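The values are calculated or read from the model by the stated rules, or taken from the named source; none is laboratory data. Since this is a predicted model, take the numbers as computed values, not measurements. With ideal geometry, Cβ positions are generated from the backbone for all residues, glycine too; neighbour counts draw on all protein chains shown.
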Amino acid sequence: MEEKKKEKNPQDGQLNRKTSMETTQAKTQQQEIPHPTNSTPPANPSRPIQSLVSTAINIKKQVKEANTEQINNPSKNRPPILEQKLDGKTIALIFGKRSTRTRVASESATALLGGHPMFLSPADIQLGVNESLYDTAKVVSSMVDGIMARVGDHSEVELLAKNSTVPVINALSSLYHPTQILADLVTLLESCFPHSRHLSSLSGLNVTWIGDSNNILNDMIVAYPRLGINLKIATPTGYPLDQRVLDRMELGAKEEESCHRGGKLVHVHDPLVAVQDADIIVTDTWISMGQESEMTKRLQDFSGFQITEELCKKGKAKPDWKFMHCLPRHKEEVNDEVFYGPRSLVFSEAENRKWTILSVFQAYFGNWKVEDN
């Protein structure tokens with residue numbers, strides 16, 4: 001999904017500082033989710049991502065062990081499993097686009113931390129329609145303690161973050177989907193290195209993307225090579241990678257040169273070439289929301305891009321390759337044999353949305369306070 005063109009602003013070199021993976025906290029600490037693509041990275045850009053990922057893994061283990069203990073000893077009264085960092089706080093979930101995983105993950109994460117989720121659908125609030133984004137940001141942020149926004153054009157979440165008096169997290173935009181990439185990193189660690197919580201373990205892993213050039217891929221392009229992951233991409237001819245995202249990747253690569261662990265990025269148009277030596281094969285929808293009018297053309301363009309055992313065997317993927325998909329899935333993207341088979345990580349990947357969003361909420365909403373003037 002490509003972002004609509006907008007006028008260049010003075011901060012285009014590093015976009016909005018409040019929407020970065022290494023966000024600079026302003027006076028009111030307004031910020032989007034820590035994100036690897038939206039600012040010039042510091043000397044150790046993977047550190048904030050590492051903290052969120054390891055926290056998510058630890059919380060997941062802690063909650064599941066406590067739930068098992070509760071089942072075994074149902075009569076024993078216990079305090080809340082997690083520190084109630086959102087106790088007394090209301091989190092606004094502004095969803096301009098429908099969602100299953102992001103909404104359920106956000107609401108359940110807020111509840112586990114003792115907070116109150118307030119879901120605002122397009123029927124309740126339409127960004128920039130009934131009132132300006134500036135007005136919406138000012139009004140909503142004056143009544144809540146944090147905002148999670150799932151928007152259309154990326155500029156919408158940037159404007160929310162710029163004008164909000166509370167932290168703003170990007171739940172999805174036309175350009176990025178940062179909470180998804182955090183869940184994917186947790187899934188990669190759990191699947192490939194189950195005894196590790198360190199992203200450095202992923203260095204040298206071969207990940208292949210087969211599909212459209214969209215917001216999920218954009219996050220992978222910037223984050224994966226920086227973490228030492230080799231990323232091979234296959235898109236049909238006429239579906240180029242976003243140059244802005246490639247520029248972000250280059251910024252990260254320069255910062256990682258001293259670490260000697262930069263992963264390789266390869267872009268081809270043949271799925272057979274892309275899957276060679278792959279440890280992990282990933283795809284996503286070919287027709288994103290708002291592209292329905294292009295369905296016939298896109299289905300033709302993506303002919304031969306369906307993930308199957310036959311494709312991966314012919315292309316010489318590694319014998320134990322695994323499959324990932326952020327969902328929802330359509331059968332033209334991957335067949336049932338792969339999607340429901342032992343190679344598939346899709347349902348644990350979906351569950352990890354909850355634990356990574358919980359980690360983000362705890363870090364950015366739970367620790368946020370209004371500073372005195």
Handout entry: Sole residue being out of contact with any Asp or Glu (no Cβ under 7 Å at 6 or more places or on another chain) and within 16 Å of Val245 (Cβ to Cβ), chosen from Ser155, Ser174, Ser164, Ser141
Key = Ser155
Exercise for the section: Would you mention how many residues in the range 217-243 are under 18 Å from the mean Cα position of the chain (by Cα) and among the basic types (Lys, Arg)? Expected result: 1
Handout entry: Filtered residues of the range 322-358 (kept if over 30 Å from Val168 (Cα atoms) and in contact with a strand residue (DSSP E or B) (Cβ under 6 Å, 6 or more places away or on another chain))
Key = Lys322, Phe323, Glu333, Val334, Val338, Arg343, Ser344
Fill in the blank from the handout: Counting only residues that are in a loop (DSSP other than H, G, I, E, B) and either more than 17 Å from the chain's Cα centre (by Cα) or among the aliphatic types (A, V, I, L, M) (or both), the range 168-199 contains a total of 7
Exercise for the section: Would you kindly identify the strands (runs of 3 or more DSSP E) lying entirely within the range 260-373 that contain at least 2 residues that are in the same structural domain as Asn215 (by TED's automatic domain parsing) and among the hydroxyl-bearing types (Ser, Thr, Tyr)? Expected result: none
Exercise for the section: For the range 142-167, enumerate the residues that are acidic (Asp, Glu) and in a loop (DSSP other than H, G, I, E, B). Expected result: Asp145, Asp153
Exercise for the section: Would you be able to say whether some residue in the range 77-90 is buried (at least 20 other Cβ atoms within 10 Å of the Cβ), closer than 18 Å to Val360 by Cα and either in contact with a Leu (Cβ under 8 Å, 6 or more places away or on another chain) or in contact (Cβ under 8 Å) with a residue 24 or more places away in the chain (or both)? Expected result: yes
Practice task
Go through the range 115-148 and give me each residue that's of a type in the set (D, E, K, R) and touching a residue at least 40 places away in the same chain (Cβ under 8 Å).
Solution key: Asp145
Handout entry: Selection from the range 107-136 of residues that are at pLDDT 95 or above, assigned to a helix (DSSP H, G or I) and either of a type in the set (A, V, I, L, M, F, W, C) or surrounded by fewer than 20 Cβ atoms within 10 Å (Cβ to Cβ) (or both)
Key = Ser108, Ala109, Ala111, Leu112
